[in-house]
1. Output the 0 to 90 degree angle, nearest 10, between the alpha-carbon long axis of helix 172-195 and the longest principal axis computed from the alpha carbons of the chain.
2. Angle between the Cα long axis of helix 378-394 and the longest principal axis of the chain, 0 to 90 degrees, nearest 10?
3. Once you put a point 7 Å from the Cα of I151 and another 7 Å from the Cα of S408, both along the Cβ direction, what distance in nm separates them?
4. Between the helical axis of 8-60 and the dominant principal axis of the chain, each derived from Cα atoms, what acute angle in degrees is found, rounded to the nearest 10?
5. For a test of the definition: using alpha carbon positions, the gyration tensor, and the 1.5 limit on a/c, classify the chain as rounded, prolate or oblate.
6. Just how much of I59 is accessible, in Å², when a 1.4 Å probe is used and the result is rounded to the nearest 10?
7. Enter the accessible area per residue of the chain (Å², integer; probe 1.4 Å; all protein chains in place).
8. Provide the gained length on full extension for the span R398 to L193, in nm with one decimal, where the gain is 0.36 nm per separating residue minus the Cα-Cα distance.
Amino acid sequence: MVEQRGPLWGRLIGFTLLPAIAAISPLLVLPVVARIAGPGGWASAIAGESVGTVAAIVIGYGWTAIGPALVSIAADSTERARIYRESLVVRLLIAVAALPVTAVLCWFVAHPGSEWLSVLMGLQGALIALSFTWYSAGEGLPRAIMLYDAIPRLVVAVAAALLILQVRIVELYPLSGIAVTLVGTGLFSWRVLRRNPSPWPRVSELPALFRAGAPVALNDAGLGAYSSIPTPLVNITASASVAGGFASGDKMLKLGQFLPLTLANALQAWIGEVHGPVRRRRTERALLAHGVFGVLGWIVLGAAGAWASSFLFGADVAASTAVCVVLGLTFAFFSVRTSMTRHVLFPAGQTRAVMHATLIGTLIGVPIMVVLAVTIGPLGAAIGYAVTEGAATILLVRRSREALRALSAPPAATP
(Lines give C-alpha, C1' and ligand atoms only; values in the text may rest on other atoms or scores of the structure.)
Protein backbone atom coordinates (compact mmCIF):
# COMPACT_ATOMS: atom_id res chain seq x y z
CA MET A 1 0.00 0.00 0.00
CA VAL A 2 1.31 3.42 -1.00
CA GLU A 3 1.46 5.81 1.93
CA GLN A 4 -1.38 8.26 2.43
CA ARG A 5 -0.34 11.76 1.47
CA GLY A 6 -2.88 13.97 3.15
CA PRO A 7 -6.68 14.37 2.97
CA LEU A 8 -8.38 14.83 -0.40
CA TRP A 9 -9.91 18.18 0.53
CA GLY A 10 -6.49 19.55 1.45
CA ARG A 11 -5.12 18.52 -1.92
CA LEU A 12 -8.15 19.89 -3.77
CA ILE A 13 -7.86 23.24 -2.03
CA GLY A 14 -4.13 23.39 -2.63
CA PHE A 15 -4.33 22.41 -6.27
CA THR A 16 -7.36 24.65 -6.86
CA LEU A 17 -5.26 27.66 -5.92
CA LEU A 18 -2.75 26.75 -8.62
CA PRO A 19 -4.96 27.24 -11.69
CA ALA A 20 -6.23 30.47 -10.16
CA ILE A 21 -2.68 31.78 -9.93
CA ALA A 22 -1.77 30.24 -13.29
CA ALA A 23 -4.71 32.04 -14.89
CA ILE A 24 -4.17 35.35 -13.10
CA SER A 25 -0.43 35.60 -13.78
CA PRO A 26 -0.50 35.85 -17.59
CA LEU A 27 -3.70 37.90 -17.53
CA LEU A 28 -1.84 40.59 -15.61
CA VAL A 29 0.61 41.10 -18.43
CA LEU A 30 -0.90 39.70 -21.66
CA PRO A 31 -3.43 42.54 -22.06
CA VAL A 32 -0.49 44.93 -21.97
CA VAL A 33 1.42 42.86 -24.52
CA ALA A 34 -1.61 42.65 -26.84
CA ARG A 35 -2.20 46.38 -26.85
CA ILE A 36 1.43 47.42 -27.26
CA ALA A 37 2.38 44.73 -29.79
CA GLY A 38 -0.64 45.38 -32.03
CA PRO A 39 -2.65 42.75 -33.95
CA GLY A 40 0.33 41.42 -35.91
CA GLY A 41 2.62 41.26 -32.89
CA TRP A 42 -0.09 39.66 -30.73
CA ALA A 43 -0.85 37.01 -33.36
CA SER A 44 2.88 36.34 -33.73
CA ALA A 45 3.31 36.01 -29.96
CA ILE A 46 0.56 33.39 -29.68
CA ALA A 47 1.77 31.62 -32.83
CA GLY A 48 5.26 31.40 -31.33
CA GLU A 49 3.80 30.17 -28.08
CA SER A 50 1.95 27.44 -29.99
CA VAL A 51 5.18 26.30 -31.63
CA GLY A 52 6.77 26.31 -28.18
CA THR A 53 3.96 24.11 -26.90
CA VAL A 54 4.81 21.49 -29.52
CA ALA A 55 8.47 21.74 -28.56
CA ALA A 56 7.57 21.37 -24.89
CA ILE A 57 5.73 18.15 -25.64
CA VAL A 58 8.72 16.82 -27.57
CA ILE A 59 11.13 17.79 -24.78
CA GLY A 60 8.82 16.49 -22.06
CA TYR A 61 8.82 13.07 -23.73
CA GLY A 62 5.61 12.01 -21.99
CA TRP A 63 6.75 12.72 -18.43
CA THR A 64 4.08 15.37 -17.84
CA ALA A 65 1.37 12.89 -18.79
CA ILE A 66 2.53 9.63 -17.24
CA GLY A 67 4.91 11.00 -14.60
CA PRO A 68 2.22 11.86 -12.01
CA ALA A 69 0.80 8.33 -12.24
CA LEU A 70 4.24 6.74 -11.83
CA VAL A 71 5.08 8.95 -8.86
CA SER A 72 1.70 8.40 -7.22
CA ILE A 73 2.16 4.60 -7.14
CA ALA A 74 5.90 4.62 -6.31
CA ALA A 75 6.81 2.74 -3.14
CA ASP A 76 8.82 5.48 -1.39
CA SER A 77 10.67 8.78 -1.79
CA THR A 78 13.81 7.07 -3.08
CA GLU A 79 11.94 5.51 -5.98
CA ARG A 80 10.17 8.77 -6.72
CA ALA A 81 13.49 10.63 -6.82
CA ARG A 82 14.91 7.98 -9.16
CA ILE A 83 11.99 8.57 -11.53
CA TYR A 84 12.61 12.33 -11.40
CA ARG A 85 16.36 11.95 -11.97
CA GLU A 86 15.75 9.79 -15.06
CA SER A 87 13.26 12.31 -16.40
CA LEU A 88 15.75 15.17 -16.06
CA VAL A 89 18.37 13.35 -18.11
CA VAL A 90 15.94 12.49 -20.90
CA ARG A 91 14.40 15.95 -21.07
CA LEU A 92 17.69 17.86 -21.01
CA LEU A 93 19.14 15.75 -23.81
CA ILE A 94 16.13 16.40 -26.02
CA ALA A 95 16.09 20.11 -25.15
CA VAL A 96 19.62 20.60 -26.50
CA ALA A 97 18.42 19.54 -29.95
CA ALA A 98 14.87 20.91 -29.88
CA LEU A 99 15.36 24.51 -28.72
CA PRO A 100 17.31 25.76 -31.79
CA VAL A 101 14.69 24.23 -34.11
CA THR A 102 11.96 25.90 -32.08
CA ALA A 103 13.57 29.31 -32.49
CA VAL A 104 13.82 28.94 -36.28
CA LEU A 105 10.19 27.86 -36.64
CA CYS A 106 8.96 30.72 -34.45
CA TRP A 107 10.86 33.19 -36.62
CA PHE A 108 9.21 31.71 -39.72
CA VAL A 109 5.58 31.96 -38.50
CA ALA A 110 5.91 35.56 -37.20
CA HIS A 111 4.62 38.64 -38.94
CA PRO A 112 7.41 41.03 -40.07
CA GLY A 113 8.78 43.05 -37.16
CA SER A 114 7.63 40.61 -34.48
CA GLU A 115 10.17 37.83 -35.01
CA TRP A 116 12.01 38.15 -31.70
CA LEU A 117 8.78 38.29 -29.71
CA SER A 118 7.64 35.10 -31.43
CA VAL A 119 10.98 33.37 -30.80
CA LEU A 120 11.06 34.26 -27.09
CA MET A 121 7.44 33.23 -26.62
CA GLY A 122 8.28 29.92 -28.25
CA LEU A 123 11.30 29.35 -26.03
CA GLN A 124 9.29 30.25 -22.94
CA GLY A 125 6.67 27.68 -23.89
CA ALA A 126 9.25 25.02 -24.74
CA LEU A 127 11.16 25.36 -21.47
CA ILE A 128 8.01 24.60 -19.48
CA ALA A 129 8.82 20.97 -20.33
CA LEU A 130 11.68 21.12 -17.82
CA SER A 131 9.29 22.05 -15.01
CA PHE A 132 8.95 19.89 -11.89
CA THR A 133 5.21 20.44 -11.35
CA TRP A 134 4.14 16.99 -12.57
CA TYR A 135 6.35 15.43 -9.89
CA SER A 136 4.68 17.39 -7.09
CA ALA A 137 1.29 16.49 -8.54
CA GLY A 138 2.16 12.80 -8.32
CA GLU A 139 3.14 13.27 -4.68
CA GLY A 140 -0.13 15.06 -4.00
CA LEU A 141 1.82 17.95 -2.47
CA PRO A 142 1.02 21.33 -4.06
CA ARG A 143 3.16 23.37 -1.65
CA ALA A 144 6.31 23.05 -3.78
CA ILE A 145 4.45 24.25 -6.88
CA MET A 146 3.23 27.29 -4.98
CA LEU A 147 6.68 28.09 -3.61
CA TYR A 148 8.89 27.48 -6.63
CA ASP A 149 6.55 28.22 -9.55
CA ALA A 150 3.12 29.75 -9.01
CA ILE A 151 3.92 32.60 -6.62
CA PRO A 152 7.19 33.62 -8.35
CA ARG A 153 5.34 33.59 -11.67
CA LEU A 154 2.66 35.89 -10.27
CA VAL A 155 5.19 38.34 -8.81
CA VAL A 156 7.28 38.40 -11.98
CA ALA A 157 4.17 38.92 -14.15
CA VAL A 158 3.21 42.02 -12.18
CA ALA A 159 6.75 43.38 -12.43
CA ALA A 160 6.93 42.63 -16.16
CA ALA A 161 3.60 44.36 -16.84
CA LEU A 162 4.68 47.50 -15.01
CA LEU A 163 8.06 47.56 -16.74
CA ILE A 164 6.58 46.97 -20.19
CA LEU A 165 4.20 49.89 -19.68
CA GLN A 166 7.22 52.07 -18.97
CA VAL A 167 9.69 50.93 -21.64
CA ARG A 168 7.23 49.34 -24.16
CA ILE A 169 9.49 46.34 -24.78
CA VAL A 170 7.06 43.42 -24.94
CA GLU A 171 9.85 40.86 -25.13
CA LEU A 172 10.34 41.34 -21.38
CA TYR A 173 7.30 39.14 -20.74
CA PRO A 174 8.68 35.89 -22.23
CA LEU A 175 12.13 36.63 -20.82
CA SER A 176 10.66 36.85 -17.31
CA GLY A 177 8.79 33.57 -17.81
CA ILE A 178 11.96 31.82 -18.95
CA ALA A 179 13.76 33.04 -15.83
CA VAL A 180 11.03 31.76 -13.48
CA THR A 181 11.05 28.31 -15.10
CA LEU A 182 14.82 27.89 -15.00
CA VAL A 183 15.39 29.26 -11.50
CA GLY A 184 12.38 27.58 -9.87
CA THR A 185 13.01 24.19 -11.46
CA GLY A 186 16.71 24.39 -10.65
CA LEU A 187 16.10 25.08 -6.96
CA PHE A 188 13.44 22.39 -6.63
CA SER A 189 15.56 19.77 -8.41
CA TRP A 190 18.57 20.53 -6.23
CA ARG A 191 16.46 20.11 -3.08
CA VAL A 192 14.85 16.81 -4.12
CA LEU A 193 17.99 15.18 -5.47
CA ARG A 194 20.10 16.29 -2.50
CA ARG A 195 17.66 14.66 -0.08
CA ASN A 196 17.56 11.42 -2.09
CA PRO A 197 21.07 10.80 -3.46
CA SER A 198 21.50 7.98 -5.98
CA PRO A 199 23.50 7.37 -9.16
CA TRP A 200 22.51 9.13 -12.35
CA PRO A 201 21.49 6.90 -15.27
CA ARG A 202 24.47 5.48 -17.16
CA VAL A 203 24.90 6.09 -20.88
CA SER A 204 24.18 2.41 -21.51
CA GLU A 205 20.77 2.83 -19.81
CA LEU A 206 19.62 5.74 -21.98
CA PRO A 207 18.28 3.66 -24.91
CA ALA A 208 16.03 1.73 -22.54
CA LEU A 209 14.73 4.95 -20.98
CA PHE A 210 13.88 6.38 -24.39
CA ARG A 211 12.18 3.15 -25.49
CA ALA A 212 10.10 3.01 -22.31
CA GLY A 213 8.80 6.54 -22.80
CA ALA A 214 8.23 6.31 -26.55
CA PRO A 215 4.49 5.38 -26.56
CA VAL A 216 3.51 8.24 -24.25
CA ALA A 217 5.87 10.62 -26.06
CA LEU A 218 4.27 9.76 -29.40
CA ASN A 219 0.84 10.29 -27.90
CA ASP A 220 1.85 13.70 -26.56
CA ALA A 221 3.44 14.58 -29.91
CA GLY A 222 0.14 13.94 -31.66
CA LEU A 223 -1.67 15.96 -29.01
CA GLY A 224 0.81 18.79 -29.38
CA ALA A 225 0.51 18.75 -33.16
CA TYR A 226 -3.24 19.18 -33.33
CA SER A 227 -3.50 21.57 -30.38
CA SER A 228 -0.73 23.85 -31.61
CA ILE A 229 -1.35 23.90 -35.35
CA PRO A 230 -4.50 26.12 -35.39
CA THR A 231 -2.95 29.45 -34.36
CA PRO A 232 0.15 29.33 -36.62
CA LEU A 233 -2.11 28.04 -39.43
CA VAL A 234 -4.49 30.99 -39.07
CA ASN A 235 -1.53 33.35 -38.69
CA ILE A 236 -0.24 32.24 -42.10
CA THR A 237 -3.57 32.05 -43.95
CA ALA A 238 -5.44 35.09 -42.58
CA SER A 239 -4.87 38.80 -42.15
CA ALA A 240 -3.23 40.14 -39.01
CA SER A 241 -6.49 41.45 -37.53
CA VAL A 242 -8.37 38.19 -38.14
CA ALA A 243 -5.45 36.11 -36.87
CA GLY A 244 -5.29 38.27 -33.75
CA GLY A 245 -8.92 37.47 -32.92
CA PHE A 246 -8.37 33.74 -33.27
CA ALA A 247 -5.20 34.00 -31.17
CA SER A 248 -7.26 35.56 -28.37
CA GLY A 249 -9.78 32.71 -28.44
CA ASP A 250 -7.05 30.10 -28.51
CA LYS A 251 -5.25 31.79 -25.62
CA MET A 252 -8.38 31.70 -23.47
CA LEU A 253 -8.82 28.01 -24.29
CA LYS A 254 -5.22 27.25 -23.33
CA LEU A 255 -5.56 29.19 -20.09
CA GLY A 256 -8.76 27.31 -19.31
CA GLN A 257 -7.10 23.96 -19.91
CA PHE A 258 -5.05 24.51 -16.77
CA LEU A 259 -8.24 23.81 -14.81
CA PRO A 260 -8.90 20.17 -15.81
CA LEU A 261 -5.17 19.47 -15.72
CA THR A 262 -4.98 20.80 -12.18
CA LEU A 263 -8.09 18.87 -11.14
CA ALA A 264 -6.46 15.72 -12.54
CA ASN A 265 -3.30 16.46 -10.58
CA ALA A 266 -5.26 16.99 -7.36
CA LEU A 267 -7.02 13.63 -7.75
CA GLN A 268 -4.04 11.62 -8.99
CA ALA A 269 -2.54 10.58 -5.66
CA TRP A 270 -6.01 10.19 -4.10
CA ILE A 271 -6.80 7.55 -6.71
CA GLY A 272 -3.36 5.93 -6.73
CA GLU A 273 -3.18 5.35 -2.97
CA VAL A 274 -5.99 2.74 -3.00
CA HIS A 275 -6.69 -0.45 -4.95
CA GLY A 276 -9.46 -2.64 -6.31
CA PRO A 277 -13.13 -1.58 -6.09
CA VAL A 278 -12.26 1.47 -3.99
CA ARG A 279 -9.96 2.74 -6.73
CA ARG A 280 -12.69 2.12 -9.30
CA ARG A 281 -15.20 4.19 -7.34
CA ARG A 282 -12.73 7.04 -6.91
CA THR A 283 -11.83 6.90 -10.60
CA GLU A 284 -15.48 7.04 -11.64
CA ARG A 285 -15.98 10.08 -9.44
CA ALA A 286 -12.98 11.73 -11.07
CA LEU A 287 -14.40 11.02 -14.53
CA LEU A 288 -17.75 12.51 -13.54
CA ALA A 289 -16.09 15.60 -12.10
CA HIS A 290 -14.14 16.13 -15.30
CA GLY A 291 -17.27 15.67 -17.41
CA VAL A 292 -19.19 18.28 -15.42
CA PHE A 293 -16.17 20.57 -15.49
CA GLY A 294 -15.92 20.25 -19.28
CA VAL A 295 -19.57 21.11 -19.90
CA LEU A 296 -19.39 24.13 -17.58
CA GLY A 297 -16.27 25.33 -19.38
CA TRP A 298 -18.01 24.95 -22.74
CA ILE A 299 -20.95 27.05 -21.55
CA VAL A 300 -18.75 29.77 -20.06
CA LEU A 301 -16.40 30.06 -23.03
CA GLY A 302 -19.24 29.99 -25.54
CA ALA A 303 -21.37 32.54 -23.72
CA ALA A 304 -18.73 34.96 -22.45
CA GLY A 305 -15.60 34.25 -24.52
CA ALA A 306 -16.09 36.99 -27.12
CA TRP A 307 -16.76 39.65 -24.49
CA ALA A 308 -13.89 38.44 -22.29
CA SER A 309 -11.39 38.50 -25.15
CA SER A 310 -12.39 42.06 -26.05
CA PHE A 311 -12.11 43.17 -22.44
CA LEU A 312 -8.77 41.44 -21.83
CA PHE A 313 -6.90 41.85 -25.09
CA GLY A 314 -8.67 44.77 -26.79
CA ALA A 315 -11.48 45.12 -29.32
CA ASP A 316 -9.00 44.94 -32.23
CA VAL A 317 -8.15 41.32 -31.39
CA ALA A 318 -11.47 40.10 -29.95
CA ALA A 319 -12.47 36.51 -30.73
CA SER A 320 -15.80 35.84 -32.44
CA THR A 321 -18.65 34.13 -30.60
CA ALA A 322 -18.75 31.29 -33.15
CA VAL A 323 -15.07 30.50 -32.62
CA CYS A 324 -15.50 30.60 -28.83
CA VAL A 325 -18.45 28.18 -28.94
CA VAL A 326 -16.48 25.65 -30.98
CA LEU A 327 -13.38 26.06 -28.80
CA GLY A 328 -15.62 25.51 -25.78
CA LEU A 329 -16.62 22.12 -27.19
CA THR A 330 -12.93 21.37 -27.61
CA PHE A 331 -12.43 22.21 -23.93
CA ALA A 332 -15.19 19.78 -22.91
CA PHE A 333 -13.60 16.90 -24.83
CA PHE A 334 -10.18 17.80 -23.42
CA SER A 335 -11.43 17.76 -19.83
CA VAL A 336 -12.94 14.27 -20.15
CA ARG A 337 -9.97 12.84 -22.00
CA THR A 338 -7.55 14.20 -19.39
CA SER A 339 -9.21 12.07 -16.71
CA MET A 340 -9.53 9.04 -18.99
CA THR A 341 -5.81 9.01 -19.73
CA ARG A 342 -4.31 10.09 -16.41
CA HIS A 343 -6.66 8.36 -14.00
CA VAL A 344 -7.69 5.26 -15.94
CA LEU A 345 -5.49 4.26 -18.85
CA PHE A 346 -1.95 5.29 -17.91
CA PRO A 347 -2.11 3.59 -14.48
CA ALA A 348 -3.52 0.50 -16.23
CA GLY A 349 -0.54 0.37 -18.59
CA GLN A 350 -2.65 1.32 -21.63
CA THR A 351 -0.18 3.84 -23.03
CA ARG A 352 -0.26 2.35 -26.52
CA ALA A 353 -4.05 2.55 -26.66
CA VAL A 354 -3.86 6.25 -25.76
CA MET A 355 -1.15 6.79 -28.38
CA HIS A 356 -3.17 5.08 -31.11
CA ALA A 357 -6.30 7.11 -30.31
CA THR A 358 -4.37 10.37 -30.39
CA LEU A 359 -2.63 9.58 -33.67
CA ILE A 360 -5.87 8.44 -35.32
CA GLY A 361 -7.63 11.58 -34.08
CA THR A 362 -4.79 13.68 -35.44
CA LEU A 363 -4.94 11.97 -38.85
CA ILE A 364 -8.69 12.60 -38.96
CA GLY A 365 -8.81 16.14 -37.64
CA VAL A 366 -5.70 17.95 -38.88
CA PRO A 367 -6.55 17.64 -42.61
CA ILE A 368 -10.04 18.93 -41.79
CA MET A 369 -8.44 21.75 -39.85
CA VAL A 370 -6.19 22.77 -42.76
CA VAL A 371 -8.88 22.52 -45.46
CA LEU A 372 -11.49 24.43 -43.47
CA ALA A 373 -9.00 27.10 -42.37
CA VAL A 374 -8.17 27.81 -46.00
CA THR A 375 -11.79 27.72 -47.20
CA ILE A 376 -13.82 29.36 -44.40
CA GLY A 377 -11.14 30.92 -42.19
CA PRO A 378 -10.55 30.79 -38.41
CA LEU A 379 -13.89 29.11 -37.65
CA GLY A 380 -12.78 26.22 -39.87
CA ALA A 381 -9.56 25.83 -37.90
CA ALA A 382 -11.59 25.76 -34.67
CA ILE A 383 -13.94 23.10 -36.09
CA GLY A 384 -10.99 20.94 -37.13
CA TYR A 385 -9.53 21.30 -33.63
CA ALA A 386 -12.81 20.18 -32.03
CA VAL A 387 -13.14 17.22 -34.41
CA THR A 388 -9.62 16.07 -33.55
CA GLU A 389 -10.10 16.32 -29.80
CA GLY A 390 -13.50 14.66 -30.03
CA ALA A 391 -12.25 11.74 -32.09
CA ALA A 392 -9.31 11.13 -29.75
CA THR A 393 -11.70 11.13 -26.78
CA ILE A 394 -14.37 8.86 -28.25
CA LEU A 395 -11.80 6.29 -29.33
CA LEU A 396 -10.77 5.81 -25.68
CA VAL A 397 -14.24 5.13 -24.27
CA ARG A 398 -14.17 1.34 -24.77
CA ARG A 399 -10.67 0.95 -23.36
CA SER A 400 -11.57 3.05 -20.33
CA ARG A 401 -14.61 0.89 -19.58
CA GLU A 402 -12.50 -2.26 -19.81
CA ALA A 403 -9.86 -0.81 -17.47
CA LEU A 404 -12.52 0.17 -14.93
CA ARG A 405 -14.06 -3.31 -14.99
CA ALA A 406 -10.62 -4.83 -14.42
CA LEU A 407 -10.26 -2.84 -11.20
CA SER A 408 -13.20 -4.72 -9.68
CA ALA A 409 -12.24 -8.14 -11.01
CA PRO A 410 -11.06 -10.66 -8.38
CA PRO A 411 -7.33 -11.42 -8.47
CA ALA A 412 -6.35 -14.39 -10.60
CA ALA A 413 -5.84 -17.61 -8.66
CA THR A 414 -2.23 -18.74 -8.41
CA PRO A 415 -1.47 -22.42 -9.16
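The values are calculated or read from the model by the stated rules, or taken from the named source; none is laboratory data. Keep in mind the model is a prediction, meaning the values are calculated, not measured. Positions of Cβ are generated from backbone atoms using ideal geometry, with glycine treated the same way; all protein chains shown enter the neighbour counts. Accessible surface areas use protein heavy atoms only, side chains included; no ligands, DNA or RNA. Shrake-Rupley method; radii C 1.70, N 1.55, O 1.52, S 1.80 Å.
1. With rounding to tens, the tilt is 10 degrees.
2. 10
3. 4.4
4. 30
5. Numbers: a/c = 1.68, a/b = 1.36, b/c = 1.23.
Prolate, because a/c is 1.5 or more and a/b exceeds b/c.
6. I59 has an accessible surface of roughly 0 Å² with all protein chains in place.
7. Accessible area per residue: 42 Å².
8. Values: separation 205, 0.36 × 205 = 73.80 nm, distance 4.00 nm.
Using 0.36 nm per residue and subtracting the Cα-Cα distance, I get 69.8 nm.
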